[in-house]
Amino acid sequence: MAASQKFFEVIKQGTKVEFVGRQRQLMAVSIIATLVSLIMLPVNAYLIKGRGSILNWGVDFRGGSELVVNFSKAFDSSNIRKAMDEGGFHGAEVVQYGRDADNAFMLRIGAVSVLSEAQANATRIAMAKVGEAGLKKFEWSEGGDKVYLRFDRPVEAAAIKQALSTAGTSTTQVQPFGRSDENTFEATLVGLDSEVRKALDKSLGEGSVVAIPQVASVGAKAGRQLQVDGIQAVLGAILLIVLYTALRFDFRYGPPTIIALLHDAIITVGAFAVTYKEFSLTTLAAVLTIIGFSMNDTIVVFDRIREDSARFKDRAFDRVVNQSINETLSRTILTSATLLFVTLAMNILGSGVVKDFAFAMNVGVIVGTYSSIFVASTALIWLDTKAKAAQQKTSSTPRRSRRRDQEPATSV
């Protein structure tokens with residue numbers, strides 16, 4: 001006879017925790033948290049000095065450049081910021097990157113090119129005077145590190161480079177681009193990282209910058225498009241989830257799922273609004289992940305509620321919901337805790353975008369687990385009550401009509 005094996009149980013079978021009885025208090029907490037999250041967006045934009053936007057948009061969304069700079073020794077962030085100002089990169093954000101011993105900082109600047117707007121205009125004017133050729137096309141690359149030129153007649157690359165130099169635009173190379181008969185050239189500018197290194201070394205001392213291993217630039221136009229695409233991605237995910245719940249369950253189960261998803265997404269974004277941590281494409285990916293995780297958790301609870309509703313038709317619906325939540329509680333806690341521990345380690349040990357992603361996941365896992373138990377179930381009970389009340393009202397009206405029809409006619 002095989003020996004029985006006893007497994008560790010987080011929540012023992014038969015546990016009866018009263019969840020439904022605390023609905024009003026906990027829903028009040030959810031409403032307050034949601035309102036604070038929404039209110040913080042305009043507060044950041046108009047009331048808190050030094051913020052100026054609803055969220056601390058990363059380079060992905062607002063446009064600009066982000067550079068990771070390794071220094072030869074420890075520097076104070078204020079000194080680095082001052083050096084950037086003296087080098088012409090005004091308003092730079094300086095954030096420590098990695099551990100203290102790394103002597104690394106992440107610099108965020110609004111420029112995507114080494115040229116200012118005035119220098120860019122001077123360059124355009126200079127290009128219209130190269131020899132006797134007429135300028136037909138003058139176009140910057142999205143990153144701002146290249147310029148594309150097309151002339152109406154053949155021009156020497158050396159003449160173009162000389163004209164750019166005269167206009168104060170330093171280039172690494174000028175070469176033909178496309179077909180030879182198009183007279184099109186590509187001029188590559190001196191990199192933004194080179195200018196940043198020059199500015200830092202000049203102010204902090206020669207050799208202060210060891211390396212600039214990471215440079216990322218996004219144009220303002222691309223940043224705005226990414227914002228639009230990000231909103232569309234969130235709305236698209238929610239619409240597909242609506243379609244799924246409509247096919248999987250009846251109408252009562254769909255709206256509570258959507259309410260829970262919006263609750264989780266708004267509070268997660270609200271956490272970034274309150275802390276003003278950087279909100280980037282990686283953070284948006286975390287929000288989409290949270291939406292999927294929350295829906296999965298909610299569907300598991302709803303599946304058990306639907307099964308128990310068929311088994312215990314004589315019980316009040318709110319009692320069935322409470323029992324179903326208790327039955328799935330062990331699974332909910334184990335799944336959420338596993339993900340929380342992993343993302344918490346990423347948050348503590350990680351840096352940069354990894355840390356921001358982990359922070360979003362930490363908030364989302366906690367809020368998503370909470371909403372699956374309290375928010376979604378509360379909305380489901382409320383909808384079920386309304387549906388049954390409407391059904392009773394509809395079924396009682398014909399019966400009253402039949403009674404009037406069956407009354408004997410009185411003689412006159």
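Cβ-Cβ contacts under 8 Å between residues 6 or more apart (or on different chains), taken from a first residue in the range 45-62 that is β-branched (V, I, T) to a second residue that is modelled with pLDDT under 85, are listed as V59/S65; V59/E66; V59/R108; V59/A216; V59/S217; V59/V218; V59/G223. Does A74 satisfy being free of Cβ contacts under 8 Å to residues at least 60 places away in the same chain and either of a type in the set (A, V, I, L, M, F, W, C) or in contact with a Pro (Cβ under 9 Å, 6 or more places away or on another chain) (or both)? Considered against the rule, which asks whether it is free of Cβ contacts under 8 Å to residues at least 60 places away in the same chain and either of a type in the set (A, V, I, L, M, F, W, C) or in contact with a Pro (Cβ under 9 Å, 6 or more places away or on another chain) (or both), A74 comes out as yes.
From the list K16, K6, K12, the one residue that fits, being within 24 Å of Y370 (Cβ to Cβ), part of a loop (DSSP other than H, G, I, E, B), among the charged types (D, E, K, R) and modelled with pLDDT under 80, is K12. Evaluating Y253 against the criteria (1) closer than 29 Å to Y97 by Cα; (2) buried (at least 17 other Cβ atoms within 10 Å of the Cβ); (3) in contact with a Ser or Thr (Cβ under 8 Å, 6 or more places away or on another chain) leaves one unmet condition, (1). Only a single item in (1) touching a Gly at 6+ places or on another chain (Cβ under 9 Å); (2) of a type in the set (S, T, Y); (3) under 15 Å from G270 (Cβ atoms) is not met by S30, and it is number (1).
When V68 is tested against (1) within 27 Å of N347 (Cβ to Cβ); (2) of a type in the set (A, V, I, L, M, F, W, C); (3) assigned to a helix (DSSP H, G or I), only condition (3) is not met.
So which of G270, G230, G292 ends up being part of a helix (DSSP H, G or I) and either surrounded by fewer than 16 Cβ atoms within 10 Å (Cβ to Cβ) or not assigned by TED's automatic domain parsing to the domain that holds S336 (or both)? Just one listed residue meets the conditions, G292.
Take S37 and decide whether it is in contact with a helix residue (DSSP H, G or I) (Cβ under 6 Å, 6 or more places away or on another chain) and at pLDDT below 90. Spelling it out, it is not the case that S37 is in contact with a helix residue (DSSP H, G or I) (Cβ under 6 Å, 6 or more places away or on another chain) and at pLDDT below 90.
In the range 87-111, the residues that are farther than 20 Å from S194 by Cα and of a type in the set (A, V, I, L, M, F, W, C) form Cβ pairs under 9 Å with partners that are at pLDDT 80 or above and part of a loop (DSSP other than H, G, I, E, B), at six or more places apart or across chains, as follows: A101/A74.
Scan the range 68-88 for residues that are at pLDDT below 85 and either among the aliphatic types (A, V, I, L, M) or under 28 Å from V228 (Cβ atoms) (or both) and the total you get is 0. Residue count for the range 159-202, restricted to those that are more than 20 Å from R124 (Cβ to Cβ) and either of a type in the set (A, V, I, L, M) or over 43 Å from the mean Cα position of the chain (by Cα) (or both): 5. Going residue by residue through the range 300-313, is there one that turns out to be acidic (D, E), within 19 Å of V375 (Cα to Cα), in contact (Cβ under 8 Å) with a residue 60 or more places away in the chain and assigned to a helix (DSSP H, G or I)? No, there is no match, as no residue in the range 300-313 is acidic (D, E), within 19 Å of V375 (Cα to Cα), in contact (Cβ under 8 Å) with a residue 60 or more places away in the chain and assigned to a helix (DSSP H, G or I).
Restricting the first member to the range 16-30 and to residues that are acidic (D, E), and the second to residues that are assigned to a helix (DSSP H, G or I), the beta-carbon pairs closer than 9 Å and six or more apart or on different chains are E18/N322.
The one condition from (1) over 15 Å from E93 (Cβ atoms); (2) over 23 Å from the mean Cα position of the chain (by Cα) that S77 does not meet is (1). Per the listing E307, E278, the residue uniquely among the acidic types (D, E) and within 21 Å of V353 (Cα to Cα) is E278. Pairs under 8 Å by beta carbon, first residue of a type outside the set (A, V, I, L, M, F, W, C) in the range 228-240, partner assigned to a helix (DSSP H, G or I), six or more apart or different chains? Close Cβ pairs satisfying both conditions: G230/F61; G230/L281; G230/L284. Looking only at residues in the range 308-355 that are under 21 Å from the mean Cα position of the chain (by Cα) and among the hydroxyl-bearing types (S, T, Y), the one that is farthest from G21 (Cα to Cα) is S351. Within the range 359-374, track down each residue that is in contact (Cβ under 8 Å) with a residue 40 or more places away in the chain and hydrophobic (A, V, I, L, M, F, W, C). Residues satisfying the conditions are F359, A360, M361, V363, V365, V367, I373, F374. Can you work out which of the residues in the range 151-193 that are crowded, with 16+ Cβ neighbours inside 10 Å and in a helix (DSSP H, G or I) is modelled with the lowest pLDDT? Out of the qualifying residues, it is L192.
The values are calculated or read from the model by the stated rules, or taken from the named source; none is laboratory data. Note that the structure is a prediction, hence the values are computed from the model and not measured. Neighbour counts run over all protein chains shown; Cβ positions are idealised from the backbone, glycine included.
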